[in-house]
Amino acid sequence: MQIDPARHSNADNYKLITNLVIPRPIAWVTSLNDKGLVNLAPFSFFNAMGSDPLYIVIGIGNRDEGEPKDTARNIQANGDFVVNLVTEDLLEAMNISAADFPADESELTAAKLHAVPSTLVKAPRLSAAQASLECKLFQSQPIGANTLMIGEVVMFHVADHLVGPRLHVNNFAPIGRLGSPSVYCRTTDRFELPRITYAQWKQADR
Ligand SMILES: Cc1cc2nc3c(=O)[nH]c(=O)nc-3n(C[C@H](O)[C@H](O)[C@H](O)COP(=O)(O)O)c2cc1C
């Protein structure tokens, strides 16, 4: 079936994109508001864009009334944020943090989580996260009803037990987001597929 997004509603197109581009990693973002309160919310329009420089992107939609979400407002005001990654033990807390809390009420308290100071940015990170990325805002780009946040990763925090020799990360299994609105997957079902060169492909018996 061919589906022309120009002939469909935003709601239909959201359904299509979020059910086809899967699984998506989840950026569980801590940011600071103007009163110093820690804000926490998950975003699955998220990915890493490259390693030199180390950039990540997050797409934050406006609220239905057209107002920016607290995370977008905080990142633009302060110029930094932390992406915490969501493992299965944190799934329930992540879901609580996605509720539409008022800006003056911290999602952390509701989700029984604690923030610890970051090293290079003002926004704190979650103590319970197995991995967190301290980010400085590189650029924020409004695109329609969304804001594309491009962040530069300036510090990694990874639980000691996950880091092996030569910085190999082992047994890290963050949750992925599948179809909208609330389907997730584990990343524990893994296999290896070694890369091949053109010469190896040419030599292969076919
Ligand atoms: C798993 C998950 C992923 C989400 N991904 C996004 C996203 O990519 N972009 C977005 O604007 N909202 C996303 N949301 C909704 C926000 O988390 C929600 O609007 C939240 O209340 C925003 O909080 P804030 O106002 O504190 O920033 C997602 C929610 C969940 C549960």
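Taken together, the values in this text are just the output of simple stated rules run on the coordinates, not laboratory data. In this text, all values refer to a predicted model and were calculated from it rather than measured experimentally. Here the Cβ positions follow ideal geometry from the backbone for every residue, glycine too, while neighbour counts run over all protein chains shown.
Brief remarks on what is shown
- Inter-probe distance in nm under a simple model that places probes 7 Å from Cα toward Cβ, at residue 1 and residue 154: 4.8
- Residue order, fewest to most surrounding Cβ atoms within 10 angstrom, among 195, 177, 24, 63: 195, 63, 24, 177
- Point-charge dipole on Cβ atoms (K/R +1, D/E -1) for region 5-203, about Cα centre, debye to 20: 680
- With R₀ set to 22 Å, the beta-carbon distance separating residue 96 from residue 180 gives a calculated FRET efficiency near 0.75.
- Maximal additional length on extending the residue 112-residue 77 stretch stands at 10.0 nm, based on 0.36 nm per residue less the C-alpha distance.
- Ascending count of other beta-carbon atoms within 10 Å, so fewest first, for 191, 101, 172: 191, 172, 101
- With contacts taken as Cα pairs under 8 Å at a separation of at least 6 residues, the chain carries a relative contact order of 23 percent.
- If R0 is taken as 35 Å, the Cβ-Cβ distance between residue 168 and residue 14 corresponds to a FRET efficiency of 0.40.
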